[in-house]
Amino acid sequence: MATKASRSAARVMIAPSVLLLLGWMVIPLALTLYFSVLRYNLLMPGANPFIGVENYTYFLTDPAFTDAIINTLLLVGGVLTITVLGGIGLAILLDQPMWGQGIVRILVIAPFFVMPTVSALVWKNMFMNPVNGLFAHLASALGMQPFDFFAIAPLASIIGIVSWQWLPFATLILLTAMQSLDSEQLEAAEMDGAGPLARFRYIMLPHMARAITVVILIQTIFLLSIFAEILVTTNGGPGTASTNLTFLVYAESLLRFDVGTGSAGGVVAIILANIVAIFLMRMIGKNLDT
Amino acid sequence: MGRITLHGVTKNFGDTEVIRPLDLEIEDGEFVVFVGPSGCGKSTLLRLIAGLEDVTAGRIEIDGVDATGVPPAKRGLAMVFQSYALYPHMSVRKNIAFPMRMAGLDKAEQNRRIESAAAALNLTDYLDRRPGQLSGGQRQRVAIGRAIVREPAAFLFDEPLSNLDAALRVGMRMEISELHTRLKTTMVYVTHDQVEAMTMADKIVVLQHGVIEQVGSPLDLYREPRNLFVAGFIGSPKMNLMTGEEAERRQAATMGIRPEHITASPTEGLWQGTVGVSEHLGSDTFFHVHLDGRADPVTVRAGGEVSLHHGDMIYLTPDESRIHRFDAQGMRLA
Ligand SMILES: Nc1ncnc2c1ncn2[C@@H]1O[C@H](COP(=O)(O)OP(=O)(O)O)[C@@H](O)[C@H]1O
Ligand SMILES: [Mg+2]
C-alpha cells in the first residue's frame, strides 16, 4: 500500500464490504431509533403516532429498569470475578507437568462447546432441581433440606451456570499466557529469594495481566447480553430478581408486544454497553501499550 | 567466601545419565570455566550447584557446609542466565532491587547498592527504563547488576555472552574479567566457546558427555592436554592430529601438532605439500596445506603478510619438542 495508485485501488476494493457492513449496522439501528419514538403496541393496531421521549421515560422510570441494571452489573461482575480467579487457578494447575495432561485440558475446555440453552437446561433439571436434581439428592443423602436454587437464589444460580460456561474460555487464554512465561524468569526469581507466593505476585500475575484484560473485555461484551440462560431457567423471576437488561427489553417488546418501549430499551442498552466499552478500551489501551 | 566442593555428584534425567559421578573443587575467589561441546551437561552441572536441580547422588558443599538439600535462595549464590531472565514489567531499578526486596533489606541500603552497581556497570542513565527498551549488552549488565547487589558467595554464569554480537562479546568478556579482579568473588562460568574459556579462566574444566576430561589452568590445557578430546577442543585453530606412519615413527597411535608450531618454507622441510585454502587475518595467516598422500589438510600458522597462493608447493617442519603423542585409547603419552 505504498503508492497513491495502490491506495486508491485498495479503497475501491474494500468499498463494497464497508457499504455492506454499514447497511447491516445502520438500517437496524435507524429502525430501532425510529420505533423508539412511536407509540407502537402490537395489541393495539391502528395509527402509530409520534410521542417523542415518552417510551424512554416509561422505560427508565420503570422500577424494573433499576433492578435490571443492578442485576446486569451483578451478573457481569460476579461471572467475571469467578471466571478470572478460577481461570488463574486452573491455568496454574494445568501448567504443571502431570499425567494425562492432554485429556484433562480437553475436559476443562469442554463446557465451552455446550450451547447456552442446553447447559442451562442440564443445570436446571439435572443438578439444581429441588426434587430430582443431583444437589437435592446429595443434600438428602447428607440429611439436609434440599435447596431450591432458582426460587431462593435465582441470580446467584444463573451466575453459577454462566461462570461454568465461561470458565474454560478464561482458563484457555490464561493457560496460553502461563505457557509463554519464560521458565528462567521463575528460576531467577527463585534464586533471588522469592517464595511461591512472591513468584505468583511479582512474576506470574504481571505476566498474565494482558491476558486477564483480554478475558475481561471479551467476556464483558458477551455477558452484557446473557439471555438464553435466564429464559430457560427463571424467566427473569421471581418478580424481577433475575431480569437483566437484555431480558427486560425482551419482556417489554415480546411479552407485552410493546415494540416502542422495547426499542427504547434497546437504545438504552446500546448506550450503556458503549459506556462500558469505552471504560474497557481505556483500561485495555493502558495495559496493552506497555 | 565461596568455596564450592562437589563429591561424587551425579544427575540422571529418567534413564539418561547426564552427569556421571564427578568430583570438583572450586577455590574461593577463583574464576572457573566449564567448557565443552553443546549438550555435554555444563548447564546441568551449573544448575545443580545453584540448586535449581536436585542431585541424583553425591554431595555439594559450599564453604565446607553441606548444601545438597538447601533451596537455591539460601545457598548465597547468584546466577546470570543465558536469556538474562530480567523481569520485563519492572524497571531496571526494580529489577536490580528485587533480590534485596525479597531479602527485606531497608530502602536506604537498597538504593546505595543500586547506585553503586549502576555506576560500576554504566547503567545510571537507564535505571528507569524497562528491559524491553535496552540493547542486548545493557540487558546483560542489568542481569549482572541484579546478581552483584546480592553480594553472593559466588556468581554463576550460564553462557552469558552467547546472545551478543561478536564485538560486544569481546567487550563484555573484559568487563566480566575486570569485575572478577575487582570483587575477588568466586565465579563459575559456563561456555561452549573455548576462546572465552582460555581468555577468562583461572581454571578450566573441560566436560564431555557429563565427564570431566581435564581440569587445569588455560596454559596447562594448552601445553599438556590429557587426552585427544582436550587436545582437539582447546586451541584455535584446532591442533592437527595425524595417525599412521608419522605417528608410528614417534611411537604413538596419534600425534598432534598445533598450527603455530609448524614452520613453513618454500624450499626445504620434513613434509611436502601444496597450499589449499588460506585465511588472512592480518596479524596471522592460516594455510591449509594438503600433504602428499594424506586426506586431511594440515593447518599452519604463518606471519601476517606471507604471500603464498593456492596450489603453491610448500615444505613443513614441525617443532619436535612441541609434538603431542597419544596412545590408542587417546590418552597422552609422557
Ligand atoms: N530437564 C531435562 N530433562 C531431560 N533431559 C535434560 C533436561 N535438561 C537437560 N537435559 C539433557 O541433558 C543433557 C545436557 O544438557 P545441558 O546441561 O543443557 O547441556 P549444555 O552443556 O549444552 O548446557 C542434554 O542431552 C539434554 O538433552
Ligand atoms: Mg547450556
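Some points to look at:
- Other-chain or far-sequence residues with amide H under 5 Å of B:SER217's (modelled H): B:ILE204
- Fewest neighbouring Cβ atoms within 10 Å first, the residues A:ILE212, B:ILE4 line up as A:ILE212, B:ILE4.
- Working value for chain A: equivalent-ellipsoid semi-axes of 39, 32, 17 Å, each the square root of 5 times a Cα gyration tensor eigenvalue, largest first.
- Mean separation of Cα contacts under 8 Å (6+ apart) over length of segment A:1-147, as relative contact order %: 7
- What separates the Cα centres of segment B:92-161 and segment A:116-195 is a distance of 43 Å.
- Helical content alone sets the calculated 222 nm signal of chain A at -22500 deg cm²/dmol, taking -39,500 (n - 2.57) per DSSP H segment of four or more residues and averaging over every residue.
- For segment B:1-31 versus segment B:288-327, the gap between their alpha-carbon centres in whole angstrom: 40
- Rel. contact order, % - alpha carbon contacts under 8 angstrom, at least six apart, chain B: 17
- Couplings 3J(HN,Hα) for segment B:286-291, derived from phi with the Karplus relation 6.51 cos²θ - 1.76 cosθ + 1.60 (θ = phi - 60°), are 10, 9, 9, 10, 8, 6 Hz, where x marks Gly and Pro.
- Ellipticity estimate at 222 nm from DSSP helix runs (n ≥ 4, -39,500 (n - 2.57)) divided over chain B, nearest 500: -8000 deg cm²/dmol
- Prolate/oblate/rounded label for segment B:103-235 (Cα gyration tensor, a/c 1.5): prolate
- Counted charge near A:TYR250, where neighbours are those whose Cβ lies closer than 12 Å (Asp, Glu -1; Lys, Arg +1): -1
- Estimated translational diffusion coefficient (Stokes-Einstein, Kirkwood radius over Cα pairs, 25 °C, 0.890 mPa s) of chain B: 110 µm² per second.
- B:MET79 long-range amide H proximity, modeled H, under 5 Å: B:LEU156
- Residues of segment A:74-92 with amide N under 17 Å of the 7 Å Cα→Cβ point at A:ALA156: A:74-83
- Total charge dipole magnitude, chain A, about the Cα centre, Cβ charges on Lys, Arg, Asp, Glu only, Debye to nearest 20: 720
- Nonlocal amide H pairs with B:PHE34, under 5 Å, H built at 1.01 Å: B:TYR189, B:VAL190, B:THR191, B:VAL205
- Sorted fewest first by neighbouring Cβ atoms within 10 angstrom, B:HIS280, A:HIS207 come out as B:HIS280, A:HIS207.
- Normalised by 2.2 N^0.38 Å, where N counts its residues, the alpha-carbon radius of gyration of the protein assembly as shown equals 1.45.
- Remark: segment B:1-78 projects, on average over all directions, an area of 5.1 nm² (convex hull of Cα atoms).
- Working note: Karplus 6.51/-1.76/1.60 with θ = phi - 60° gives segment A:254-263 the couplings 9, 7, 9, 6, 9, 5, x, 5, x, 4 Hz, where Gly and Pro are set to x.
- Cβ crowding within 10 Å, taken as a proxy for footprinting-reagent exposure, orders B:ASP292, B:ASP327 from fewest neighbours to most as B:ASP292, B:ASP327.
- Distances between every pair of Cα atoms in segment A:151-290, grouped in 5 Å steps from 0 to the bin holding the largest one, split as 2, 9, 14, 14, 15, 13, 10, 8, 6, 4, 3, 1, 1, 0 percent.
- Which of B:GLN214, B:GLN272, B:SER236, positive extreme of dipole for segment B:203-287 (C-beta unit charges): B:GLN214
- Sequence-ordered 3J(HN,Hα) estimates for segment A:55-71 from the Karplus curve with 6.51, -1.76 and 1.60 and θ = phi - 60° stand at 4, 5, 4, 4, 5, 6, 8, 4, x, 4, 5, 4, 4, 5, 4, 4, 4 Hz, glycine and proline given as x.
- Per residue Cα convex hull volume in Å³ - calculated over segment A:1-72: 180
- Listed by chain and number, the lysines whose C-alpha is less than 20 Å from the C-alpha of B:LYS184, apart from same-chain residues fewer than 8 away, are B:LYS203.
- Taken over segment B:291-334, the convex hull of the Cα atoms encloses 126 Å³ per residue.
- Paired Rg and Dmax values of segment A:15-151, which use every Cα atom, in angstrom: 23.9, 70
- Relative contact order, whole percent, for segment A:53-288 stands at 30, derived from Cα pairs under 8 Å and 6 or more residues apart.
- Volume per residue for segment B:241-326 equals 87 cubic angstrom (convex hull of Cα atoms).
- Distance between the 7 Å Cα→Cβ label points at B:HIS310 and A:LEU142: 8.6 nm.
Readers should treat all values here as calculations from the given coordinates under stated rules, not as data from a laboratory. Computed from a predicted model, the values in this text were never measured in an experiment. Here the Cβ is made from the backbone with ideal geometry for all residues, glycine too, and neighbour counts use every protein chain on show.
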